[in-house]
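Let me begin by presenting the structure, written as structure tokens, before commenting on it.
The values are calculated or read from the model by the stated rules, or taken from the named source; none is laboratory data. Bear in mind the structure is a predicted one, so any value in this text is a computation, not a measurement. Methodologically, a virtual Cβ is constructed for each residue, glycine included, from the backbone with ideal geometry; neighbour enumeration extends over all protein chains shown. Ligands, DNA and RNA are excluded from the accessible area calculation, which covers all protein heavy atoms including side chains. Shrake-Rupley method; radii C 1.70, N 1.55, O 1.52, S 1.80 Å.
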Amino acid sequence: MLRIAIQSKGRLNEESIGMLREIGILVDESKRKYLSKADNFPIEILYLRDDDIPGVVASGSADLGIVGLNEVEEKGFPVKIEERLGFGGCRISLAIPKAEAYEGPSWFEGKTIATSYPAILGRFLAEKGITARVVSITGSVEVTPAAGIADAIFDIVSSGSTLVANNLREVEKVFFSEAVLISNGSLSDEQESILEEIRFRLESARASRDKKYLLMNIPESSVEEAVRILPSLKSPTVLPLAEKGWCSLHSVVDTALLWEKVRALKKIGAEGILVLDVNKIIP
Ligand code: PRT
Ligand code: ZN
């Protein structure tokens with residue numbers, strides 16, 4: 001059995017549950033309690049505030065956690081980053097009042113900066129040799145300059161609209177974050193094999209994300225050319241059709257190349273092209 005801590009509510013909650021579902025671990029949300037068991041996998045879900053997840057994993061009260069890399073970095077607990085999960089992307093940036101001129105980090109010398117990330121900010125300031133006063137605040141950091149509490153802020157930015165709404169300007173992007181899977185690095189052999197299964201499934205899900213499945217009818221005389229256009233996982237699958245002289249051709253292509261391939265295939269006579277999402281790719 002493995003215990004995994006995820007955010008109970010907030011920005012990472014839904015996507016954490018969605019990620020577990022994507023790899024076939026079903027969490028019954030209607031039964032959601034502080035701790036609940038997955039229906040079909042040897043895993044227990046522990047619902048926590050994101051701030052508590054790195055510490056709970058480091059202490060061994062949970063074996064794994066899904067949390068923002070920003071929280072891991074800020075808290076500084078000795079946890080192991082097992083996987084980057086590709087959601088919850090954001091950055092932590094320094095922002096100043098819009099009207100201020102800015103020529104570089106020395107702007108912050110002697111200034112007061114409000115933040116929920118004093119450790120990450122402290123390291124940045126030390127690296128740049130800047131002395132500033134850091135005010136730790138847990139919420140609504142973006143209103144502190146207008147309220148006269150701070151000259152600048154160091155806060156999470158995603159679209160940037162919160163900064164714009166508060167007449168602030170992002171001047172230094174300091175730390176880039178996304179959701180990560182963490183462990184305490186001391187799992188039993190049985191737990192290690194469950195984690196290995198999770199990693200394997202994550203990899204299959206990831207591999208499928210930027211692929212499309214293509215199905216089409218193509219004249220027999222064009223098959224050789226189509227195989228050249230469509231280098232696939234192996235080679236494309238070619239099946240004869242009832243109608244003489246025609247085949248059905250199946251292949252997997254990179255999403256980025258989809259339209260280029262479709263155009264080339266139509267040119268050599270492909271018809272009835274179907275494009276399908278790929279659910280999993282299991283090597
Ligand atoms: O209650 P709990 O403590 O669990 O949650 P929380 O309120 O501390 O965190 P929550 O749910 O807001 O965020 C959880 C995690 O999501 C963060 O630790 C980040 O890793 C990640 N994340 C991704 C974000 C954002 N994007 C984000 N935009 N966390 C916060 N924001 C906030 C930010 O603080 C600012 O107020 O959104 C605002 C900025 O957004 P934009 O789009 O206007 O730039
Ligand atoms: Zn939090």
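What is the spin-label model distance, in nm, from Leu35 to Asn217 if the labels are put 7 Å beyond Cα along the C-beta direction?
Taking the simple label geometry, Leu35 and Asn217 are separated by 6.0 nm.
From the protein chains alone at 1.4 Å, what is the descending order of accessible area for Asp28, Asp277, largest first?
Asp277, Asp28
Counting only C-alpha contacts under 8 Å and six or more residues apart, can you give the relative contact order of the range 144-283 as a whole percent? Walk me through the intermediate numbers first.
Values: 143 pairs, mean separation 37.6, N = 140.
Once normalised by length, the contact order is 27 percent.
What figure in square angstrom, to the nearest 10, would you give for the accessible area of Glu243 with a 1.4 Å probe?
120
Is the C-alpha gyration tensor of the chain telling us rounded, prolate or oblate? Criteria: a/c under 1.5 is rounded; beyond that, a/b larger than b/c is prolate, otherwise oblate.
Judged from the Cα gyration tensor, the chain comes out oblate (a/c at least 1.5, b/c at or above a/b).
Just to confirm the number: angle between the C-alpha axis of helix 189-209 and the first principal axis of the chain, 0 to 90 degrees, nearest 10?
70
Please tell me which of these pairs span more than 24 angstrom C-alpha to C-alpha: Lys80/Lys211; Lys98/Lys173; Lys173/Lys212; Lys211/Lys244; Lys212/Lys244; Lys33/Lys280?
Lys80/Lys211; Lys173/Lys212; Lys211/Lys244; Lys212/Lys244; Lys33/Lys280
Any idea which of Tyr47, Ser235, Ser36 is furthest toward the positive side of the dipole for the chain, if Lys and Arg beta-carbons carry +1 and Asp and Glu beta-carbons -1?
Of Tyr47, Ser235, Ser36, it is Ser235.
May I ask you to rank Tyr117, Tyr34 by accessible area, largest first, using a 1.4 Å probe over the protein chains only? Don't skip to the end; give the middle numbers.
Numbers: Tyr117 15, Tyr34 145 Å².
Output order, biggest surface exposure first: Tyr34, Tyr117.
Of the listed peptides 81-92, 262-273, what is their order by residue-averaged count of other C-beta atoms within 10 Å, with the highest listed first? Show your work: numbers first, answer last.
Numbers: 81-92: 17.4, 262-273: 14.7.
Top of the packing list down: 81-92, 262-273.
Test of understanding: what is the full-extension gain from Glu197 to Glu44, defined as 0.36 nm times their sequence separation minus their Cα-Cα distance?
53.6 nm
How high is the relative contact order of the range 40-196, given as a whole-number percent (alpha carbon pairs under 8 Å, six or more residues apart)?
Normalised by residue count, the contact order of the range 40-196 is 38 percent.
For the chain, what is the relative contact order in percent, using Cα pairs closer than 8 Å and at least 6 residues apart in sequence?
Taking the mean separation of contacting Cα pairs over the length of the chain, I get 19 percent.
Leaving out ligands and nucleic acids, and using a 1.4 Å probe, what accessible area per residue does the range 3-101 come to in Å²?
47
Can you give the net charge of the other residues whose Cβ lies under 15 Å from the Cβ of Asn166, counting K and R as +1 and D and E as -1?
-3
Just to confirm my numbers, what's the Cα centroid distance between the range 156-190 and the range 226-283 in Å?
39
Given the protein chains as shown and a 1.4 Å probe, how many square angstrom of Arg21 are accessible, to the nearest 10?
That residue has around 120 Å² of solvent-accessible surface.
Using all alpha carbons of the range 201-283, what is the percent of pairwise distances in each 10 Å bin, ordered from the shortest bin to the longest?
19, 51, 24, 6, 0
With axes computed from alpha carbons, what is the tilt in degrees of helix 118-128 against the longest principal axis of the chain, rounded to the nearest 10 within 0 to 90?
That works out to roughly 90 degrees.
Over the heavy atoms of Asp151, what accessible area does a 1.4 Å probe trace out, to the nearest 10 Å²?
Looks like 60 Å² after rounding.
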